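Working notes, beginning with the structure itself.
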């Protein structure tokens, strides 16, 4: 049994459990479900390219499973050290729970951890995705962009 940590946010309850290498396939499937609409919108949906990108950046030691209170897998998120800050990546929720406050609750928990470590958090999002507005609502600001991605950063809040 994996140790779990339960959080009850203002609008959603969830549990974190540590990811393992063996979780790759099921997390990749969630990634496809979450990313496909945005990638199709810009003509970049390619399951093999998505698999390769996820494989090359999957760091199970920094990845957490997001479970609903019944213990069902509903997503994942990774937060780990990178160039003196924290890199937030692979934040995917199954479409059925999107828009219900789970993402905000997860992100608020992670931002609390980041603030406690006094580290900035960086994330990149696909251009033309709703994710940019989501992160901006939580204090992230755009730092730069390239052909396909927008890069955002949130500085730590002092206690």
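Brief remarks on what is shown
- Residue 128 more than 19 Å from residue 80 (Cα to Cα), more than 16 Å from the chain's Cα centre (by Cα) and at pLDDT below 95: yes
- Pairs with Cβ under 8 Å, 6+ apart, first in the range 80-93 and exposed (fewer than 15 other Cβ atoms within 10 Å of the Cβ), second assigned to a strand (DSSP E or B): 80/86; 80/87; 81/87
- Counted residues, the range 98-126 - those being surrounded by 15 or more Cβ atoms within 10 Å (Cβ to Cβ) and under 24 Å from residue 40 (Cα atoms): 6
- The residues of the range 50-107 that are farther than 18 Å from residue 151 by Cα and in a loop (DSSP other than H, G, I, E, B), listed by number, are 58, 59, 68, 69, 70, 71, 72, 94, 98, 99, 100, 101.
- On inspection, residue 147 passes the criterion of being over 14 Å from residue 88 (Cα atoms) and out of contact with any strand residue (DSSP E or B) (no Cβ under 6 Å at 6 or more places or on another chain).
- Residues that are in a loop (DSSP other than H, G, I, E, B), under 13 Å from residue 79 (Cβ atoms) and in contact with a helix residue (DSSP H, G or I) (Cβ under 8 Å, 6 or more places away or on another chain) within the range 113-132 comprise just one, 120.
- Scanning the range 133-149 for residues that are closer than 20 Å to residue 75 by Cα, surrounded by fewer than 20 Cβ atoms within 10 Å (Cβ to Cβ) and touching a residue at least 12 places away in the same chain (Cβ under 8 Å) turns up 134, 138.
- Hits in the range 21-46 - residues which are surrounded by fewer than 14 Cβ atoms within 10 Å (Cβ to Cβ), out of contact with any helix residue (DSSP H, G or I) (no Cβ under 9 Å at 6 or more places or on another chain) and at pLDDT 90 or above: 25, 26, 29
- Checking each residue in the range 115-125 for being closer than 22 Å to residue 57 by Cα and more than 14 Å from the chain's Cα centre (by Cα) picks out 119, 120.
The values are calculated or read from the model by the stated rules, or taken from the named source; none is laboratory data. Treat the numbers as computed from the prediction; the structure is a model and nothing was measured. Counting neighbours? That spans all protein chains shown, and the Cβs are built from the backbone with ideal geometry, glycine included.
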